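The values are calculated or read from the model by the stated rules, or taken from the named source; none is laboratory data. Since we're looking at a predicted model, the values are computed, not measured. Don't worry about glycine lacking a Cβ; one is built from the backbone with ideal geometry, like all the others, and counts go over all protein chains shown.
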Amino acid sequence: MNRLSNAWSYIILTLLSLLFLTPFLFMIGTSFKKYEDIVGDPLNPLPLRPTFDNFVHLFEKLPFFTQLGNSLIIAVSLTVLAILFNALVAFGFARYDFKYKNGLFVAMLATMMIPGQMTLVPSFIMFRSFGWLDSFWPLILPGIVGAFGVFLIRQVMIDIPKEIYESAKIDGCTELGTFFRMAFPLSASAIGIVALLTFMNAWNDYIGPLIYLTSGSKMTLAVGLTTMNNPYQIDYASPVTGAFLMSLPVLVLLSIVGHKYFVDGLTAGSIKG
């Protein structure tokens, strides 16, 4: 009975996986199809006459590598800073007892209920007063600390035995040394998922670059792909090809983070909090 139940579970999960993979497979197939096949037979995901013309047209019509580099600079910088500062704040909440600790933590979590659209205008006015418009700073600095990242990493750090911290202190580690040598490596599961989600959010961000960036040389790939079509000329192939190439860094990062960190990070704190 258990084997039959497990078999049905695997069958259902396999079908669901194929269902979710179907749009991605269509995107890959469309990237290598001739334009006539895309228009004439759009429901066929297989490129019957494979070609690289769509990639050539994409690179001719769009400064692809410039915008790709801009997206990488923003996403990688934000991810590195978010990992560091979220982990530092989480370490403070997990390691120390101080006045109003619980109140500050609850207030920080309450910020998750504020829609991002409410802060767009005040943020724009603030960054304009700083003279940071048409720069990467408005796209990086606001995201280096977030309530979700702090909460997730804290849930892992509070499970680290205090004896580990005490042994590090006896061995002569400073508090900062304890953080980098003990707390940070032992929280790799939560840090991995925070890194992945931060990179994906920055990589796919459309509203931020559209508001703060004006120079074509600083534009990101997410915005650049949407400028390839206009009411008088519609190109189906190049944007899909660009979206396929744009998805590759996320897939690479997901393979690096791995299944273990992804699952452990998502379930961190689900039992004990």
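Structural remarks
- Of residues in region 228-273 being modelled with pLDDT under 85 and among the β-branched types (Val, Ile, Thr), the one surrounded by the most Cβ atoms within 10 Å (Cβ to Cβ): Val257
- In region 190-235, the residues that are outside any helix (DSSP H, G or I) and either in contact with a helix residue (DSSP H, G or I) (Cβ under 8 Å, 6 or more places away or on another chain) or closer than 15 Å to Leu68 by Cβ (or both): Asp205, Tyr206, Leu213, Met219, Thr220, Met228, Asn229, Asp235
- Lone qualifier among Ser71, Ser135 - being of a type in the set (Ser, Thr, Tyr) and more than 30 Å from Asp235 (Cβ to Cβ): Ser135
- Test: residue in region 126-133 that is among the polar types (S, T, N, Q) and within 23 Å of Ser187 (Cα to Cα): no
- Identity of the residue in region 46-75, out of contact with any Lys or Arg (no Cβ under 9 Å at 6 or more places or on another chain) and over 19 Å from Thr220 (Cα atoms), that ends up surrounded by the most Cβ atoms within 10 Å (Cβ to Cβ): Val56
- Of the helices (runs of 4 or more DSSP H) contained entirely in region 117-174, those carrying at least 3 residues that are under 16 Å from Leu81 (Cβ atoms) fall at 137-140, 147-157.
- Restricting region 30-45 to residues that are of a type in the set (Ser, Thr, Tyr) and more than 19 Å from Leu18 (Cα to Cα) leaves a set whose member that is surrounded by the most Cβ atoms within 10 Å (Cβ to Cβ) is Ser31.
- Any hit, region 90-101, residues being out of contact with any Lys or Arg (no Cβ under 6 Å at 6 or more places or on another chain), assigned to a helix (DSSP H, G or I) and under 24 Å from Leu196 (Cβ atoms): yes
- Restricting Gly208, Gly216, Gly192 to residues that are more than 22 Å from the chain's Cα centre (by Cα) and either closer than 28 Å to Val121 by Cα or not charged (D, E, K, R) (or both) narrows the list to Gly216.
- A single entry from Leu58, Leu13, Leu81, Leu48 fulfils the requirement of being farther than 22 Å from Leu248 by Cα and either touching a residue at least 24 places away in the same chain (Cβ under 8 Å) or in contact with a Phe, Trp or Tyr (Cβ under 7 Å, 6 or more places away or on another chain) (or both): Leu81.
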